[in-house]
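Novice: Questions regarding the structure given below will be posed in turn.
The values are calculated or read from the model by the stated rules, or taken from the named source; none is laboratory data. From a predicted model like this one, the values you see are computed outputs, not experimental measurements. Using ideal geometry, Cβ is built from the backbone for each residue, glycine included, and neighbour counts are taken over all protein chains shown.
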Amino acid sequence: MSPASSVPVDHAGVTVPPPLIYVAFLLVAVALQHYAPLPGLATPMARLAGAVFAVPFLVLVVWSFRRFSASGTSVVPVRPTTALVIEGPYRLTRNPMYLGMLCLYCGIACWWGLVWALLLAPVLAWVITAFVIAREERYLTRKFGDDYRRYQTHVRRWI
């Protein structure tokens, strides 16, 4: 329900845009690396790993945006979802955009040699799961009911 009325709010209720959460974790990692330095990963192999991590990010995010566009629904979590998107990358993971952003996060960590960012990656995944994905799943269950529940039984949350 919206605070001003008894009309239900038709969105997932995600209050912070998920990309900002990834950026915040990167900034924390940079600060930690500055104030509590760990040996870096500044090697050609780390740079290669960083570049390799960028590929799934590009594939998953572009593919996901195209599926949302083809379904006529918004990718913005504060807007109503008008269709259940289960094709394309959504056959492989229920959250390809968040998985893609996590790949980019890890890629940036490798490229910049930010060991702290890699150590924080599981915490970041937990925060995204607990505060973004869980809200979206509750919303999609309310909105699409058994169709979404069936989808959840066939496709994993992350990978």
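Novice: Please specify each residue of the stretch 55-100 satisfying the condition of being over 23 Å from Arg150 (Cα atoms) and at pLDDT below 95.
Specialist: Within the stretch 55-100, Val76, Val78, Arg79 meet the criteria.
Novice: All but one of (1) assigned to a helix (DSSP H, G or I); (2) over 13 Å from the mean Cα position of the chain (by Cα); (3) surrounded by fewer than 17 Cβ atoms within 10 Å (Cβ to Cβ) hold for Ser74; state the number of the condition that does not hold.
Specialist: That leaves (1) as the condition not met.
Novice: Check whether at least one residue in the stretch 17-34 is in a loop (DSSP other than H, G, I, E, B), within 29 Å of Lys143 (Cβ to Cβ), within 14 Å of the chain's Cα centre (by Cα) and touching a residue at least 40 places away in the same chain (Cβ under 8 Å), and report yes or no.
Specialist: Checking the stretch 17-34: at least one residue is in a loop (DSSP other than H, G, I, E, B), within 29 Å of Lys143 (Cβ to Cβ), within 14 Å of the chain's Cα centre (by Cα) and touching a residue at least 40 places away in the same chain (Cβ under 8 Å).
Novice: While we're here: In the stretch 126-159, what count of residues is obtained for those that are farther than 12 Å from Leu84 by Cα, in contact (Cβ under 8 Å) with a residue 60 or more places away in the chain and of a type in the set (A, V, I, L, M)?
Specialist: Residues in the stretch 126-159 being farther than 12 Å from Leu84 by Cα, in contact (Cβ under 8 Å) with a residue 60 or more places away in the chain and of a type in the set (A, V, I, L, M): 5 in total.
Novice: Of everything in the stretch 123-159, what is assigned to a helix (DSSP H, G or I), surrounded by fewer than 14 Cβ atoms within 10 Å (Cβ to Cβ) and of a type in the set (D, E, K, R)? Give them in sequence order.
Specialist: Arg138, Arg142, Asp146, Asp147, Arg149, Arg150
Novice: Give the residue that is farthest from the chain's Cα centre (by Cα), with candidates limited to residues of the stretch 86-108 that are buried (at least 20 other Cβ atoms within 10 Å of the Cβ) and among the small types (Gly, Ala, Ser).
Specialist: Gly107
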